[in-house]
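Reading through the structure tokens given below for one structure.
The values are calculated or read from the model by the stated rules, or taken from the named source; none is laboratory data. Computed from a predicted model, the values in this text were never measured in an experiment. Note that each Cβ is placed from the backbone with ideal geometry, even for glycine, and that neighbours are counted across all protein chains shown.
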Amino acid sequence: MARTSAPTRLIGQVSEWTGVDAVFDPLEHVPPLLWPQSVRVYGEMRRDPRLAAILTGYTLQLRRATWQVDGTGCRPEVVQHVADDLGLPMMDAEDPGVGRYHGVSWSEHLRAALLMLPFGHMGFEMEAAIVDGRARLTTLAERLPVTIDNIHVDTKTGRLLGVDQQLTSPHGGTPQIRADRLAWYCHEREGATWTGTSLLRPAYGPWLLKHELMRVHAQANRRWGMGVPVMEAKPGTQPTVAQMQEAMTLAAAARGGDQAGAAVPPGFELKIVGMSGSVPDTLAYIKWLDQQMSQMALMNHLDLGTSESGSRALGTAFIDSWTLALGSIADEIADVATRQIAARIVEWNWGDQEPVPRVVASGIGSKREVTAESLQLLLSSGALSGDPALEEWVRREWRLPERESAAPARTATRGAPGQPTGGEPERVAAAEPAMVEPDYEQIRDQHDQAVREMAAQWEEQSGPLVEALAAATAAEVAAGTLVGLGMLAVSPALVAALAGGLAIGLSGVAAAAATGAAAELAAGGVTVRAELGADRRQRVRALAEATAGLIVGGYSSAAGRTALRLSGPDATAEAVAEAVRADLTELSRAKDGGLVAGQLRSAASAAQGEGRLAALEQAPDGTRFRATERLDANSCGPCRKADGAEYATLAAGLTDYPLGLKNRHCQGRDRCRGFLVPLLPIMRR
């Protein structure tokens, strides 16, 4: 039982300067560095060559580190889900997985998150989609510091409440983007100052002086670099005012060059006068300022080779201290990614009591290049054994010829999820068929272009659907029969009209896919017809009708939810209809995510499968097939295991990849986009 003396409420507050309208660093004494003016100052500072080198040294090393999801103490299902959503491999996974196109890209997110170093803070708004009853993180949208208008903070706890953005800020007590939707990276936060502290803050003084001195040095070179022309009157002469003016004009017009010359007035002599006496060594001072900026970031090694002293041992000591700093920043980023992203993914799906996998970084500043000497040492010490896989990797990395003897046979067996199936073990022939690489970029672009065009067409044609549902909800509210809001329906003719528009787009992407698959076969000397038969055209039409029905059903559910939310005792049918109309219109405009785009992406993938299969079915007997997951945005575990599996027949491949694409064991949904590629019966010599 808890002791009664335990404090259960807070009395003080974190900072007297922190409120719901603005955040200040109470110890910052330089006005231009007070937020939000500081954002533009730091934006200018990071363009300085020395400061740019410092930031690049930090960011590239952190981006080059190994980032993983550590699932110690967590259920495998949870770890896989978080890893897939973040686009990260699981720690100690045998296969790191293949590349992907859709979903969150950790490398891009990390690159943007490191903007917290120059600006002090960097925010991201999270977006998720519900897929098969699970919330999947789809977007980590950048909210650049220059766009942030207000930062809302709890004055007692110092907890971040949310932020407002410029132009869209409500200017009230409620944040526009709440903290539970944000991942907020903050460097060296002190108290409630969620603006953080820029890595460049200690360099402000040297940077300011350096740029002033650079202008002075440039002006001095322009002024004194070639001397100043002077017209000097000879002793004993008494030049008139007009003669002095003429001499002054001549001196001002004097220019250097291979054709330059001058005729001086009588009694005058033209001289080129340079500076005399000692002057400040501006370049040395600028160099010292650069050294100060390197030292404040623990990057003294940047100055080695340009200073009067230094040694290799000293450079190693400098790099060691800098590497420790890099590790601390990596821990900052990993902690935010764990507590504000991974923890929320887990909470969305399993509640706040479920253990959360951690994001971790390793190998910072310690990546080692594999050389022949290092391999020899590892092999001779027994740390590595010369197995066939290692030999194959060495030959590939150093571009060495393959062995003349055949590689061990691969086997396709029916087994666990993600493993190739197809009956009894079928062994690859001793001489493997050649693989024609598909045009992955073309396949992806055809898919995405079709989705964009169908989404734009849907927005144009969905007006009658929106009006029909707005009228239906208004009628139910007016009649007081709220139970009808759960059974809203539209006319079959309206659904058929929408399906007709989708059928055109799906038929186009299916035909393009058939042409692409036929080209893959043609590259190996196999000619097939790149056309859809009557049965496949009918299947594409049915696919369009089913997709239209699913989207219309989603619209009906959305209209019912909106109407139920507003159906209070004072609600009018007109107000409910207008709210439903606004929500459904916004639903029609969503191109990147949500109901419409999600269904269209799935339909376009299925249509591509129909098209590819129309061509692949014509491949000659003996053609083998290989699974490829190269188009994946972020492969799930089963798809990573299936990547590269080979099948003796198309029928065997279709057991794992119905329609020739999408592994049936896939857990990544739209993130995974694998398909079958023909291995032509052309034997290698």
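Given ARG63, ARG40, ARG75, ARG50, which one is basic (Lys, Arg), surrounded by 20 or more Cβ atoms within 10 Å (Cβ to Cβ) and touching a residue at least 40 places away in the same chain (Cβ under 8 Å)? Let's see the steps before the verdict.
Values: ARG63 fails: surrounded by 20 or more Cβ atoms within 10 Å (Cβ to Cβ); ARG40 fails: surrounded by 20 or more Cβ atoms within 10 Å (Cβ to Cβ); ARG75 fails: surrounded by 20 or more Cβ atoms within 10 Å (Cβ to Cβ).
Among ARG63, ARG40, ARG75, ARG50, only ARG50 is basic (Lys, Arg), surrounded by 20 or more Cβ atoms within 10 Å (Cβ to Cβ) and touching a residue at least 40 places away in the same chain (Cβ under 8 Å).
Right, ALA497: within 35 Å of the chain's Cα centre (by Cα) and not basic (Lys, Arg) or not?
Working: within 35 Å of the chain's Cα centre (by Cα): no; not basic (Lys, Arg): yes.
Considered against the rule, which asks whether it is within 35 Å of the chain's Cα centre (by Cα) and not basic (Lys, Arg), ALA497 comes out as no.
Taking the conditions exactly as written (assigned to a helix (DSSP H, G or I), within 30 Å of THR623 (Cβ to Cβ), assigned by TED's automatic domain parsing to the domain that holds ALA470 and among the hydrophobic types (A, V, I, L, M, F, W, C)), does LEU587 satisfy them or not? Lay out the reasoning, then the answer.
Numbers: assigned to a helix (DSSP H, G or I): yes; within 30 Å of THR623 (Cβ to Cβ): no; assigned by TED's automatic domain parsing to the domain that holds ALA470: yes; among the hydrophobic types (A, V, I, L, M, F, W, C): yes.
When the stated conditions are applied, LEU587 does not pass them.
Of the residues that sit in segment 666-683 and are in a strand (DSSP E or B) and in contact with a Gly (Cβ under 7 Å, 6 or more places away or on another chain), which one is modelled with the lowest pLDDT? Talk me through it step by step, then tell me what you get.
Of all residues in segment 666-683, those in a strand (DSSP E or B) come to 675-683.
Of the ones still in play, those that are also in contact with a Gly (Cβ under 7 Å, 6 or more places away or on another chain) are 675-676, 680-682.
Details: PHE675: 83, LEU676: 86, LEU680: 71, PRO681: 56, ILE682: 47.
The extreme case among them is ILE682.
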Of all residues in segment 436-483, which are in contact with a helix residue (DSSP H, G or I) (Cβ under 6 Å, 6 or more places away or on another chain), over 30 Å from THR572 (Cα atoms) and not in a helix (DSSP H, G or I)?
VAL436, PRO438
Quick one: which of THR157, THR193, THR138 is over 30 Å from ASN300 (Cβ atoms), of a type outside the set (Asp, Glu) and crowded, with 21+ Cβ neighbours inside 10 Å?
THR138
Can you tell me which condition PRO265 does not meet? The list is (1) modelled with pLDDT under 80; (2) assigned to a loop (DSSP other than H, G, I, E, B); (3) loosely packed, with under 13 Cβ neighbours inside 10 Å, and all the others hold.
(3)
Would you please list the contacts, defined by Cβ atoms under 9 Å and residues six or more apart or on different chains, that run from a residue in segment 304-333 that is farther than 15 Å from ARG63 by Cα to a residue that is loosely packed, with under 15 Cβ neighbours inside 10 Å and at pLDDT below 60?
LEU304/SER311; LEU304/ARG312
Determine if segment 507-517 includes at least one residue that is touching a Pro at 6+ places or on another chain (Cβ under 9 Å), modelled with pLDDT of 85 or more and either exposed (fewer than 13 other Cβ atoms within 10 Å of the Cβ) or not charged (D, E, K, R) (or both).
yes
When every residue in segment 127-141 that is in contact with a strand residue (DSSP E or B) (Cβ under 6 Å, 6 or more places away or on another chain) and of a type outside the set (A, V, I, L, M, F, W, C) is compared, the one farthest from ARG40 (Cα to Cα) is ARG136
From the list LEU324, LEU298, LEU289, LEU270, exactly one residue is modelled with pLDDT of 75 or more, within 38 Å of the chain's Cα centre (by Cα) and not in a helix (DSSP H, G or I). Which is it?
LEU298
